[in-house]
Every structure is written in structure tokens, then in C-alpha cells.
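Please read the structure below before turning to the comments.
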Amino acid sequence: MTQQMNVAPAAYDLLGIGFGPSNLALAIALQELGEQRNQPLRSLFLDRQKDYRWHGNTLVAQSELQISFLKDLVTLRNPQSPYSFVNYLHTQGRLADFINLGTFYPCRMEYNDYLRWVAGHFTEQSGYGEEVLRIEPVISAGRNVERLQVVSRDTEGREHIRHTHSLALSTGGTPKIPLVFAGLKGNERVFHHAQYLQSMATMPCVDGRPMRIAVVGGGQSAAEAFIDLNDSYPSAQVDMILRAAVLKPADDSPFVNEIFAPEYTDLVFNQPEDDRDRLINEYHNTNYSVVDLDLIERIYGIFYRQKVSRQFRHGFLCRRVIETAHQEGGQIELRLNDIATGTIESHRYDAVILATGYERTSHRRLLEPLAEYLGDFVAGRDYRLASDPRLQASIFIQGFCQASHGLSDTLLSVLPARAGEIADALYELPRHRRQEIAKAVAQRA
Ligand SMILES: Cc1cc2nc3c(=O)[nH]c(=O)nc-3n(C[C@H](O)[C@H](O)[C@H](O)COP(=O)(O)OP(=O)(O)OC[C@H]3O[C@@H](n4cnc5c(N)ncnc54)[C@H](O)[C@@H]3O)c2cc1C
Ligand SMILES: NC(=O)c1ccc[n+]([C@@H]2O[C@H](COP(=O)([O-])OP(=O)(O)OC[C@H]3O[C@@H](n4cnc5c(N)ncnc54)[C@H](OP(=O)(O)O)[C@@H]3O)[C@@H](O)[C@H]2O)c1
């Protein structure tokens, strides 16, 4: 915990932690609002990646965006913005060609390029290669916390300290590692799908040497890994290992899709807690443990052709719970329980890919030094964390409010609206803060 220093560093109006799509959308909304009000905020966005990529290690050739490109960083809030996906295509000279594709779903490599293009317009407000380690209170003489201290570490190991009056914490998901694999931490043959491309680049199948690979999970990541292994590494034999009985399709039918509209956030937020949980469970199959139907059909086709040729390269091990996982020689041995029959079987693999989803907990870890002010991390409708009155600095969170704001919170669906709401909230800070901002801006002019 930090006491007020004699000479405190100048405080930012807003520090953004993470510069992925959520904070990129916020940077755009703040730029627009600052211009409209002729009152720009002093903001900086930090990202631990040295060279920003959007889930870069998962950008395999066949992977497509799972949402219409019209739900880009801005269009739903301001269709006239220069930061739209359509304007990106126009500036790249590909608009007409993209139209010829006849799709709403660009490949994720292209969407990654779009996000990098937008980020390129905000280089002065961004700091890459800096990992934020913790956020601490700066306690004033009156025991209040008007500023936050953000401690980060750069790629050379140097620590940096910055002060801010408000924070937008948008650090995304953290790979979920099932407990049974805890003892294999650090083993380069067992890795989460979030590391897929980087880890696969070191595997013997890159040079055509035979490998047995397990893909654990039955969601979109597992399906994309399976297809990529099948297509890119002919010497790899892959077992899909899932707890469910089948691969289930993601429901993206039009009526159901209405739950991802920005207006739906109000509906979810205004429900009693039990009803919110019910809504989220009811539509769980729009997003989690599900796969795009066309991918399911491709995978089914691959297994069907194995039956025709009687060459059984890959395995589909459904209804299997992994009971133990340990290293055996140079391989990983998995003990599987078939929950339908109770049969126990052991299989050895040269690599295990954990496509086991993501947790949303990094905000709690980073904000731990502020725990006494924050209670149970409850966000208001404007995404600001409720706090003890002593905490006067504002903390907004993006991507950690699924339970209160709905299933769209971890996705791209509501980014423009959410960014607009947070930007408005930042400009509605208590009067003394606005005066302070105006004074600082006048001094900088
Ligand atoms: C493989 C994959 C594909 C997806 N595809 C889609 C899709 O097609 N459509 C859709 O709607 N959603 C999709 N999602 C959901 C995804 O959550 C959103 O698309 C989007 O990435 C959310 O943006 P974000 O900025 O909140 O989080 P992220 O994109 O995860 O960005 C967080 C950023 O914070 C940085 N960061 C993390 N911790 C720190 C720290 N301590 N210090 C500094 N920086 C830090 C990270 O480097 C990262 O750049 C996908 C998710 C995955 C994993
Ligand atoms: N192209 C794209 O746009 C793209 C690509 C990849 C991911 N995504 C998105 O990223 C998000 C996450 O998708 P995801 O596939 O990574 O995760 P997910 O949908 O959460 O699926 C995780 C899978 O791992 C399984 N699992 C979890 N813990 C396990 C354990 N202990 N033992 C065995 N299996 C376990 C789950 O099984 P149960 O079902 O039994 O719990 C589930 O099948 C989604 O929003 C998805 O749409 C998008």
C-alpha cells in the first residue's frame, strides 16, 4: 500500500489495462467524446504484448470470426466512424473483393489485422510490452483514495509506476487448466490452446515425424485445433477427448441472437440475481462447449471417410473423464473413465492440447491490494465497480460482468455500446474531478 508521496507523479485521467478489442473500442469512444466536448482526457493503455495480436497463437488458417463484421469496434454506436471494418477494407483496397466473398464472417487473421490497424491510430496513447502487476491505493491525508497507483513491468524487467484517477481494466480471459494436469505445469508437451501455434512450431510433426496428440475439450477451440492438426500435420494422429457425448452446435439462430444486442444488457441487468442466472444458463449453448455447425460437419466428414478407407488415423473419445495425467518416459499417459460403461483405459500421447476454456479472474488478482474497498467486485450498470466511499477513484471493468450484464460481456457483441457508456460515465465524474481535468487540459494547452 502506498502513502501519498511528497512529489506524486502527474495522474492520468484514465489508465487502460490491456489494449485488446474492449479498450480499443473505449479509446475510440473517448476520442470522439473528447472532440465533441473539446475536452480530451489524458489516457494511456498498457498491454503486456510487445507486438499486439488478437489471441495470436490461435490464428489458424481456417478460423473465422464468430460474429458479423458489422459488430466491429464502432458501427453499432457510430456507423460514420472512420474506425469501422468497412473503412479498414476500403483503406486496404479490398472492399470490392470482400463483398465478392459474400460473407459476414471474415477470417480471424483479417480481423486481427483490422484490430492492429485501429491500434495503429492510437500509438501515442498506448504502451506495449508492459505487464501490469498490481493496482494499489494512494491514500491521501484524509484517508481517501483519489488516485490509484499502477505498477507494471516491461520486457527488460524494469518496473514502472503511474498514477491515475480512473482505470479501465480489460485483461480478458485466463487459460483454464484442469486440476488433473496441475502436476504437469511447465511440461512443454502439455499446453493450453491459447499457446497452440507457438507450441506446435516446436513439435516433431512439423518435420513430418509421427506423433500422437490428444485434444481435450469439445468447444470451438478444440474443434479448430483438430481441423488444423488434420490439415497441417499429416503425420499427426489425433484423439479428441471430451466429457460430453457429442459435439454440439452453437445456437446462432436469429431470435436467439437477439440476446447479444446492446439493449439486452438492460434486460439482464435489471433482473433479480436468480433470473439472471437462469437466462445465462438457458443460452449457455450460444457460446460455451459448442462448435460452429459447419466445423462439426467437417469433423464428422473426416471420421466418416476413415470408416470408408478403414484407415483409422484419428479417434473420437467422447463421454470420457480424465482421471489422471502423468509423464511416462517421453510421453504423457492419460487414464480415461468412460462414464457410460465405467470402463477404464490408458492412452499415451506425445502432446496434449488443453482446449479447456478460460477463466475470468485476472481483475481480482490485479485489484487485490484494493480488496478492502471493493467488497465482492460488483459492477454497476455503467461497469464501474461499487466501492467503499473512501475509494473515490473510479474502476471500470470490461469482460468480467457476465453474471450481471449477460453473455455478451465476454464477446465482441456489445463493445461499441459498452465503450460509449463507460466514456459517458468518465465524463460524468464528480464535479471536482471535472474541474481538475479542465485545469490540467488548460495547463497542457
Ligand atoms: C480464440 C478466441 C477466439 C474468439 N473469437 C471471438 C469471436 O469471433 N467473436 C466474439 O464475439 N468473441 C470471440 N472471442 C471472445 C473474446 O473474449 C473477444 O473476442 C475479445 O477478445 C475480448 O476483448 P478484450 O479486450 O476484453 O480481451 P482480450 O482480447 O483477451 O484482450 C486482453 C488484452 O489484455 C492484455 N493483458 C492481459 N493481462 C495483462 C496485464 N496484466 N497487463 C497488461 N496487459 C494485459 C492481453 O495481452 C490482451 O491483449 C474469442 C476468444 C478466443 C479465446
Ligand atoms: N473462431 C472463433 O471465433 C473462436 C475460436 C475459438 C474460441 N472461440 C471463443 O472462445 C470462447 C471459449 O471457447 P473454448 O472452446 O476455448 O472454450 P469453451 O467453449 O469454454 O469449451 C471448453 C471445453 O473444455 C472442456 N473442459 C473444461 N474443463 C474440463 C476438464 N476439467 N476436463 C475435461 N474437459 C474440460 C469443456 O467440457 P464440458 O462441456 O464438459 O464442460 C468444454 O468442452 C468462446 O466464446 C468461443 O466462441 C472463438
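With an 8 Å cut-off on Cα pairs and a minimum separation of 6 or more residues, tell me the relative contact order of the range 190-315 in percent.
Details: 124 pairs, mean separation 35.8, N = 126.
Averaging sequence separation for qualifying contacts and normalising by length gives 28 percent for the range 190-315.
For Cα pairs less than 8 Å apart in space and 6+ apart in sequence, what is the mean separation divided by the residue count of the range 58-136, i.e. the relative contact order in percent?
Details: 47 pairs, mean separation 30.0, N = 79.
Reported relative contact order: 38 percent.
Could you give each residue of the range 344-352 its phi-based ³J(HN,Hα) in whole Hz, using Karplus coefficients 6.51, -1.76, 1.60 with θ = phi - 60°, and x for Gly or Pro?
Rounded to whole hertz, the list is 9, 9, 10, 9, 10, 10, 7, 7, 10.
At 1.4 Å probe size, with the rest of the protein present, what percent of the exposed accessible area of the chain is carbon and sulfur atoms? Don't jump to the answer; show the numbers that get you there.
Values: 10700 of 21510 Å².
Result for the chain: 50 percent of the exposed heavy-atom area is carbon or sulfur.
Defining a contact as two alpha carbons under 8 Å apart and six or more residues distant in sequence, what relative contact order in percent does the chain show?
Details: 800 pairs, mean separation 98.6, N = 445.
Relative CO of the chain lands at 22 percent.
Tally Lys/Arg at +1 and Asp/Glu at -1 over every other residue whose Cβ is under 14 Å from the Cβ of Arg53; what's the total? Numbers along the way, then the final one.
Details: positive: Arg48, Lys50, Arg108, Arg116; negative: Asp47, Asp51, Glu110, Asp113.
Surrounding charge for Arg53 is 0.
Roughly how many Å² is the accessible area per residue of the chain, as a whole number, for a 1.4 Å probe? Intermediate results must be reported in sequence, preceding the final value.
Numbers: 21510 Å² over 445 residues.
I get 48 Å² per residue for this part.
Charges at C-beta only: +1 for Lys and Arg, -1 for Asp and Glu. How large is the resulting dipole of the range 270-400 about its Cα centre, in Debye rounded to 20?
Details: 17 positive and 20 negative charges, 123 e Å.
The calculation lands at about 600 debye.
Given the pairs Lys176/Lys248; Lys185/Lys307; Lys71/Lys307; Lys248/Lys307, which span a C-alpha to C-alpha distance of over 31 angstrom in this model?
Values: Lys176/Lys248 20 Å; Lys185/Lys307 37 Å; Lys71/Lys307 41 Å; Lys248/Lys307 22 Å.
Those over the limit are Lys185/Lys307; Lys71/Lys307.
Give the separation of the Cα centroids, the range 182-258 to the range 33-78, in Å.
26 Å
Using the crude model of +1 on Lys and Arg Cβ and -1 on Asp and Glu Cβ, and no other charge, please compute the dipole size for the chain relative to its Cα centre, in debye to 20. Working shown, then result.
Working: 46 positive and 54 negative charges, 133 e Å.
Computed about the Cα centre, the dipole is about 640 debye.
Give the average over all directions of the projected area of the C-alpha convex hull of the chain, one decimal, in nm². Spell out each step's value before the answer.
On the way: hull surface 100.0 nm².
Computed as one quarter of the Cα hull surface, the answer is 25.0 nm².
Using the Cα atoms as the points, what is the convex hull volume per residue of the range 1-142 in Å³?
Working: hull volume 21.2 nm³, N = 142.
Here the figure is 150 Å³ per residue.
Need the C-alpha centroid separation for the range 288-326 versus the range 383-407, integer Å.
41 Å
Which of Leu26, His326, Ile241 sits farthest toward the positive end of the charge dipole of the chain, with +1 on the Cβ of Lys and Arg and -1 on the Cβ of Asp and Glu?
His326
So what are the ³J(HN,Hα) numbers for the range 115-124, from phi and the Karplus equation (6.51, -1.76, 1.60; θ = phi - 60°), rounded to whole Hz, Gly and Pro as x?
4, 5, 4, 4, 4, x, 7, 10, 4, 5
The values are calculated or read from the model by the stated rules, or taken from the named source; none is laboratory data. Keep in mind it's a predicted model, so treat the numbers as computed, not measured. Cβ sites come from the backbone with ideal geometry, for glycine too, and all protein chains shown count toward neighbours. Ligands, DNA and RNA are stripped out before the accessible areas are found, and what is left, the full protein with its side chains, is counted by its heavy atoms. Shrake-Rupley method; radii C 1.70, N 1.55, O 1.52, S 1.80 Å.
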